[in-house]
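Read through the structure below, which is laid out as structure tokens, and then see the notes.
What follows draws every value from the coordinates through simple rules; no lab data is involved. Only a predicted model underlies this, so the values are computations on that prediction, with no experimental measurement involved. With ideal geometry, Cβ positions are generated from the backbone for all residues, glycine too; neighbour counts draw on all protein chains shown.
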Amino acid sequence: MQDNDAFSEIEYYEELGFCAKGDGGKLIDDGTTDFGGAMPVNTSGGLQARGEPLGASHFGQIYELVRQLKGQAEQRQVDGAQVGMAQVFGAWGHCGVTILKAGW
């Protein structure tokens with residue numbers, strides 16, 4: 001999930017339909033998006049942890065998803081990871097979403 005600022009992550013939970021409008025913060029507060037939660041998000045630390053490589057953010061997310069789905073994410077590994085989603089929003093309203101499934 002693109003999290004170049006704290007509000008973006010919350011907004012995208014709502015915009016992508018993971019929760020109702022106004023409830024994005026609850027996913028964080030109740031631990032849903034934590035490592036070990038029902039929907040772990042940004043297991044690599046996200047953009048706030050590793051920086052935002054303009055024009056390449058999506059590739060970093062996909063790299064993490066592939067490692068997760070292959071069981072190669074070491075200490076960041078989500079047990080039983082089967083499906084992952086990468087999402088970015090860029091300039092001029094461009095958005096990219098990629099969904100990957102284990103076993104491809």
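Filtered by the rule that a residue be within 11 Å of the chain's Cα centre (by Cα), buried (at least 17 other Cβ atoms within 10 Å of the Cβ) and among the small types (G, A, S), segment 1-49 gives a lone residue, G46. Might you check whether a residue that is closer than 16 Å to N4 by Cβ, assigned to a helix (DSSP H, G or I) and not aromatic (F, W, Y) occurs anywhere in segment 14-22? Scanning segment 14-22, I find at least one residue that is closer than 16 Å to N4 by Cβ, assigned to a helix (DSSP H, G or I) and not aromatic (F, W, Y), so the answer is yes.
Could you please let me know if L100 is surrounded by 14 or more Cβ atoms within 10 Å (Cβ to Cβ) and assigned to a helix (DSSP H, G or I)?
Values: surrounded by 14 or more Cβ atoms within 10 Å (Cβ to Cβ): yes; assigned to a helix (DSSP H, G or I): no.
No: the conditions fail for L100.
Annotation: L65 fulfils all but one of (1) of a type outside the set (V, I, T); (2) closer than 16 Å to T98 by Cβ; (3) in contact with a Cys (Cβ under 7 Å, 6 or more places away or on another chain); the unmet one is (3).
Pairing residues of segment 10-32 that are at negative phi and among the basic types (K, R) with residues that are in a helix (DSSP H, G or I) and surrounded by fewer than 16 Cβ atoms within 10 Å (Cβ to Cβ), at Cβ distances under 6 Å and at least 6 apart in sequence or on separate chains, gives no pairs at all.
Scan segment 56-67 for residues that are more than 19 Å from Y12 (Cβ to Cβ) and either surrounded by fewer than 18 Cβ atoms within 10 Å (Cβ to Cβ) or within 13 Å of the chain's Cα centre (by Cα) (or both) and the total you get is 2.
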